[in-house]
Structures are given as structure tokens and as C-alpha cells.
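Here's the structure we're looking at; comments come further down.
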Amino acid sequence: MEKKKMGLVPRLIIAIVVGILIGQYMPLGIVRIFKTFSTFFGSFLSFFIPLMIVGYVVSGIAKLTEGAGKLLGFTAIVSYISTIIAGTFSYTVAANLYPKLLAGGAHQNINFTGEIAPYFTIPLKAPIDVTAAIVFAFMMGITISFMRTKGKGEVTFNLFNEYEEVITMILAGFVIPLLPYHILGIFSEMSYLGEVFTVISVFIKIYLCIFAMHYIYMLVMFSIAGGVSKKNPFTLIKNQIPAYFTAVGTQSSAATIPVNIQSGLKNGTTPEIVDFVVPLCATIHLSGSMITLTSCIMGVLLLNGMPHSLSIMFPFICMLGIAMVAAPGAPGGAVMSALPFLFLIGINADGPLGSLLIALYITQDSFGTAINVSGDNAIAIYVDEFYKRYIKKNKTA
């Protein structure tokens, strides 16, 4: 009988606990060993991130030609709007509530930038900078998408599809498995410097706010769905429960698709619409992830006294709504896709703040994924009503 592997979240929690213990009870020389590994891993991330942008964004945009015309456009627009609204909602709550959670001075201006020197560093420069990778990825993705509507570009499309698979294998086989050791190094340093308990105490409160926002947003989405379809929203939510807990367990929207389709059929949504919308939204609709990520980012910014105005955060949220379309099904895919864009809000993705953000996000990533898939079935209801009222009706007229 094959032995079941421990999931990423338990390993991250163990890494955080062990890192805290090492920082509290071990000498500086031991802490520097883990600091050395974290420094190298951070350098590797800065090398890997531009390559990841090209791998996921090109393929993600190019695939958006697949689907049925108006339904594809309507689904994509609704999914993007939902994701942006979720991020804006999360920002609004964080901007107004989190300063009160941090009140009293104990949590202000931690400025965790790392003060322990590694034993050595390995110079590792990215082959292309992040901005150039973003421009190249969007340029190639849009062009390939257009070519495919003309019956061309399949060779180039397949090339980037295989490149995406290579990046996914590196992420799943190297980056994600080593991530707990990287987090261990970050938390051992914070613990040694006396900052870790302040960070944890703040984020316990923030996590509770995230859960509340998740359920409020899910209730709103299904209330709207119930309104447009004249169905009981609480019955719709009840039908969603199996898919919700499947997503909590798998941490993957893609892995939850079969169960989520069954939940959609229980809602009475047209089968063809469910089969079309649920797999598509598993890739392009990330409202739960956006709520979680925006909240964690706001926590990091507020902890360090960094600028966090709406004029800074809203363009970042809009960019993230596009970038996360390319998020892989692996646990932590959303935050990994967000890393290249953290420079827009002043966070260095391969620095300690970026690493802290990864740890804070992934430890409750599964619940964000569960809200993602729940929202997918709400959107399926919206699309179904659009189909019945404006497309099917015109065909039969």
C-alpha cells in the first residue's frame, strides 16, 4: 500500500514551528545555515520568476480563444469583474480595519528586512527582467490568440504549452517541495531577531477577517445568483458544500472540477453551461484567492509602515486579476503568479517580505481555493441566465 504523502500546508506549519524553535534556542551559527539556504532560494526565485511569467501568461492568454463566442466573452468578463470586486472589497476592509488591529504601537514599523548574514551567496541573475517578461508574454499571448482565430499559430501555441508544462514540473518538483525549508529559514531569522511573535499575533487576527470576508463574498455571489434565477440562495450554497470541502482538501480548483460540476447540476443549471463554465472558471476566476492575497499583502505593508493607498493597490489588483489567470493548479499557484508584480507595491519578491507573504498566504490557501470554486458555480448560474435570455431565445425566435 502506497504511503500517503504529507500535504504542503502541514509541512509549512511544521516548518514555521521548527523555525521559531531554532531561532529561540539555537546559536547564531545554526540560524545562519538556514539563512544561507533561504538567501540562495530567494536568488533562485528571482531567476525563475521571469521564466514563469512567460510560461504561464503566454499559454493562459492564448487559450482564451477556446470556447463558444459570446459565452466565452461573457464568462471571462464576469469572472474578471468578480475577481477585481473581491480584491477591492478585501482592500477596503483591510484599509479601514487592519490599522485598528495594529493600533497601540506594538505592531507598527517592524521593518523586517533581515539582519543576519548568510555564510555565502551564489550570484544568480535572471535571464530577462520582470518588466520585459511581462511585455513579451502579453505580446506573444495576444498575438497567438489572434492567429488561432484565423486557423494559424498552432505550432507556436503547442510550443508554449509544452514550455508551460516544463515550468509546472519545476514548480511542482523543485520550488514547492523546497518552500518549507525556505520558510523555516525566514521564521528562524525572525524568531532570533525577536519579531516572529508580533507577526503571528497580527496575522491570527487577519486570518479571522479573511474567513469572514470569504463567507460574506460567497453569500453575496449566491444571493445574486438566486435573484437572477429565482432560486433559494441558501439551497445553492447547500449544494456547493461537497465541492467546497473537496477544494479545501485538494487545494486545487482543477482537481475539484468533477465534484464542482455535480454541484452545478444540482443547482439546475443547464448541463452544457456547467460543463463549459466550471472548467473555464477554474482557471480564470479567483475571487477567494484575491481576497486572501490582498489581505495578506495589506498586512505585510501595514506591518512595515509602507504606502498602501487605493491609487497604489487598485492598479496592482487589476493586474493581478489578469496574472492569476495563469495560476497553476498546484497549491500556492496564485501567490507564485503574483510574485512578479509585487514590485508595483514596493515589495521585493525574492526578499524576506516576499517570502513572508508566501508563508502567510499558503498556510490558508485551501480556503481561498474553496471560495474560488464556489464562485464558479454562481457564475455558471449567471451565464446560464444570459444564455437562456439572450442567446437561446434568439436562436428559437
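What follows is calculated from the coordinates using simple rules that are stated; it is not laboratory data. What you see is a predicted model, and the numbers here were worked out from it, not measured in a lab. Here the Cβ is made from the backbone with ideal geometry for all residues, glycine too, and neighbour counts use every protein chain on show.
Between T92 and E162, the simple label model (points 7 Å from Cα in the Cβ direction) yields a spacing of 4.8 nm.
Annotation for L219 and C318: the two label points, set 7 Å from Cα along the Cα-Cβ direction, are 3.1 nm apart. For region 275-318, compute Rh as the Kirkwood radius over C-alpha pairs and then the Stokes-Einstein diffusion coefficient at 37 °C and 0.692 mPa s; write the answer in µm²/s, rounded to an integer. After rounding, the answer is 272 µm²/s. Each listed q (0.12, 0.14 Å⁻¹) maps to a log10 I(q)/I(0) for the chain, found by the Debye formula over equal Cα scatterers with no solvent: -0.95, -1.26.
Can you run the Rg to Rh ratio on region 164-313? Use alpha carbon positions and the Kirkwood inverse-distance Rh.
Ratio of gyration radius to Kirkwood radius: 1.04.
Which of the three applies to region 196-262, rounded, prolate or oblate, going by the alpha-carbon gyration tensor with a ≥ b ≥ c and a/c under 1.5 meaning rounded? Note, shape of region 196-262 comes out oblate. Size of region 151-215 from its Cα atoms: along the principal axes, largest to smallest, the extents are 57, 33, 14 Å. At what distance in angstrom do the alpha carbon centres of region 152-211 and region 14-57 lie from each other? Computed from Cα coordinates, the inter-centre distance equals 10 Å. If you build a Gaussian network model of the chain, linking Cα atoms that sit under 10 Å apart, which residue out of S46, S311, S191 swings the most? Of the options given, S311 has the highest mean-square fluctuation. FRET efficiency for the pair L193 and K125, taken as 1/(1 + (r/R0)^6) with r the Cβ-Cβ distance and R0 = 30 Å, rounds to 0.60. Past 30 Å, Cα to Cα, is the threshold; run K152/K388; K63/K205; K35/K100; K70/K231; K35/K205 against it and keep the listed order. In this structure, K152/K388; K63/K205; K35/K100 lie more than 30 Å apart at Cα. Label-to-label distance for F343 and F47 is 1.8 nm, based on points extended 7 Å past Cα in the beta-carbon direction. Calculate the FRET efficiency for T143 and F245 from the Cβ-Cβ distance with a Förster distance of 35 Å, rounded to the nearest 0.05. Result of the calculation: an efficiency of 0.25. Structural descriptor for region 151-303: relative contact order 18 percent, calculated from alpha carbon pairs under 8 angstrom and at least 6 residues apart.
Candidates S188, M140, P279 compared by Cα position along the dipole of the chain: farthest toward the positive end lies P279, with charges placed on Cβ.
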